[in-house]
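Data first, discussion second: the structure below is written as structure tokens.
Nothing in this text is a laboratory measurement; each read-out follows from the coordinates by a stated rule. What you are looking at is a predicted structure, and each value in this text was computed from that prediction instead of being measured. When we count neighbours, we look across all protein chains shown, and the Cβ atoms used for this are built from the backbone with ideal geometry, even at glycine.
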Amino acid sequence: MKEYSIQEISRALHNGELVAIPTETVYGLAANALDPIAVKKIFEIKGRPLIDPIIIHIYDLLQAETLAQTNEHFYKLAKRFWPGPLTIILPKKPIVPDIVSAGAPTVGLRMPNHPILRKILKEIHLPLAAPSANPFGYVSPTEAEHVRKTLGGRLKYIVDGGSCSIGIESTVLDLTNLNKPKILRPGPISAEDIADVIDIMPGTSFTRTHEKRALPSPGLLESHYSPHTPLHLIRENAEPSVDLNSKIAVIRLKRPSLASSKKYQEYWLSEDGDLAEVAKNLFRVLQLLDEKKLSSIYIEAPANEGIGIAIYDRLLRACSK
Ligand code: TXA
Ligand code: MG
């Protein structure tokens, strides 16, 4: 992969080109958020429906204030969690192009914590619209190589910032109604973490839905994060039955204790079940196994608590094809 200087990347973004960027959660596909023609290219390359709004990555709070109407919860949460894996939805200001917000009166903002992306944001003085850098509906990328394999043919600039340290997407919190904060997508920052800061327990509205229209967050479409290979959820330590003609793999949350004499390949996402490690490895292992032409992949469901809630949410959607 070619390496570009920060200045080259900055010039490309100013010229309306797309750049794949590393973040601490997943890789993003970025464009100048204030350039509707550049943003349109994101939808085209990803195959993303125009009804799905894109979040904006910012460098500092001043930039946030130019894009959205901020409120007291916003400042408290920004102080506690930014830069970091929290996206905050606020009423947008007119400067935000309609294509970014998919015509809605709101905009999602996030101050990312990846050092290279911080440098880029500082250099360019532009807010960056960026969804995850995967074809729409497919597993999110956590390494530059994932982006190259899926979108590389149509994308000149990919910035390699190593493996994403968190590995699943930010928590999306709707703060447009000050009295009714609502989590639209569970993520690394939990409802309890947020309640600790603003003294209100946010509601949640990320149960799966078959409704494809009028969703609070269109990214909640049921089928998402899906490998091409059929994926099935199993309980911890369950043994799927294998028929002779099928080639399957089983993904465990932690390293299995017994030496394996099993009829399938076994993988694990962490040594001892630590869910932060599971999150970090989840999409990488799914992409890896998706290349092996298996008939099925089975994966253990994590406990539905803490970051396990976000992992479980991704897995439900990834399985629902
Ligand atoms: O961690 C992340 O959030 C990554 C990295 C690249 O920053 N980005 C990401 O973007 O996951 P994306 O587009 O794949 O997911 C953003 C989610 C989508 O479900 C989208 O529908 C929702 O946020 N969203 C964006 N703007 C919104 C808005 N104004 N109102 C409601 N939902 C919104
Ligand atoms: Mg995405």
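Binning at 10 angstrom from zero up to the longest distance, how are the C-alpha pair distances of the chain distributed in percent?
6, 27, 35, 22, 8, 2, 0
Hey, what do the phi angles of the stretch 77-89 turn into as Karplus ³J(HN,Hα) couplings, whole Hz, using 6.51/-1.76/1.60 and θ = phi - 60°, x for Gly and Pro?
Working through the residues one at a time gives 5, 4, 5, 7, 10, 9, x, x, x, 10, 9, 10, 8 Hz.
So the label point goes 7 Å from the Cα of residue 149 along Cα→C-beta, right? Which residues of the stretch 278-321 then have their backbone N under 17 Å from it?
From the stretch 278-321, the list is 280-298.
At 7 Å along Cα-to-Cβ for each site, give me the label-to-label distance between residue 15 and residue 136 in nm.
With each label point 7 Å from Cα toward Cβ, the separation is 2.8 nm.
Given axes a ≥ b ≥ c from the Cα gyration tensor, I'd like to know whether the stretch 259-321 is rounded (a/c under 1.5), prolate (a/b larger than b/c) or oblate.
oblate
When DSSP beta bridges are limited to those with both residues in the chain, what percentage is antiparallel, rounded to the nearest 5?
Close to 40 percent.
Could you grab the relative contact order for the chain? Cα pairs under 8 Å, six or more apart, rounded to a whole percent.
For the chain, the relative contact order is 19 percent.
Can you compute 3J(HN,Hα) from phi for each residue in the stretch 160-168, using the Karplus curve 6.51 cos²θ - 1.76 cosθ + 1.60 with θ = phi - 60°, rounded to whole Hz and x for Gly and Pro?
In residue order, the calculated couplings are 8, x, x, 6, 5, 6, 9, x, 10 Hz.
I'd like to know how the stretch 1-63 sits against the 2.2 N^0.38 Å rule of thumb: what's its Cα Rg over that expected value?
Here the answer is 1.15, to two decimals.
Taking the 0 to 90 degree range and rounding to the nearest ten, how far is the long axis of helix 307-319 tilted relative to the main principal axis of the chain, both from C-alpha atoms?
Approximately 70 degrees, to the nearest 10.
So how strong a dipole does the chain carry about its Cα centre when Lys and Arg Cβ are +1 and Asp and Glu Cβ are -1, to the nearest 20 debye?
So the dipole magnitude of the chain works out to roughly 760 debye.
What list of ³J(HN,Hα) couplings, whole Hz, do you get for the stretch 196-203 from phi and the Karplus terms 6.51, -1.76, 1.60, once you set θ to phi - 60° and write x for glycine and proline?
4, 8, 10, 6, 10, 6, x, x
Can you compute log10 of I(q)/I(0) for the stretch 42-144 with the Debye formula, treating each Cα as one identical point scatterer, at q = 0.17, 0.21, 0.25 Å⁻¹?
Treating every Cα as an identical point scatterer, log10 I(q)/I(0) equals -0.82, -1.19, -1.44.
Tell me the mean residue ellipticity at 222 nm calculated for the chain from its helices only (DSSP H runs of n ≥ 4, each -39500 (n - 2.57), averaged over every residue, nearest 500).
Mean residue ellipticity at 222 nm (helix-derived): -8500 deg cm²/dmol.
Return the long-range amide H neighbours of residue 232 (sequence gap of 5 or more, or a different chain), with a cut-off of under 5 Å between placed amide H atoms.
297, 298, 299
Tell me which GluC sites (Glu not before Pro) from the stretch 277-321 have a DSSP coil assignment and no more than 15 other beta carbons within 10 Å of their own.
291, 305
Applying a 10 Å radius around every beta-carbon, put 2-12, 26-36 in order of their mean neighbour count, most first.
26-36, 2-12
How far apart, in nm, are two points set 7 Å out from the Cα along the Cα-to-Cβ line at residue 122 and at residue 40?
3.5 nm
Select from the stretch 90-158 those trypsin sites (Lys or Arg not before Pro) which occupy a DSSP coil region and have at most 13 other Cβ atoms within 10 Å, ordered by residue number.
Sites meeting the loop and neighbour criteria: 156.
If the elastic network links every pair of Cα atoms under 10 Å, which of 50, 269, 175 fluctuates the most in the Gaussian network model of the chain?
50
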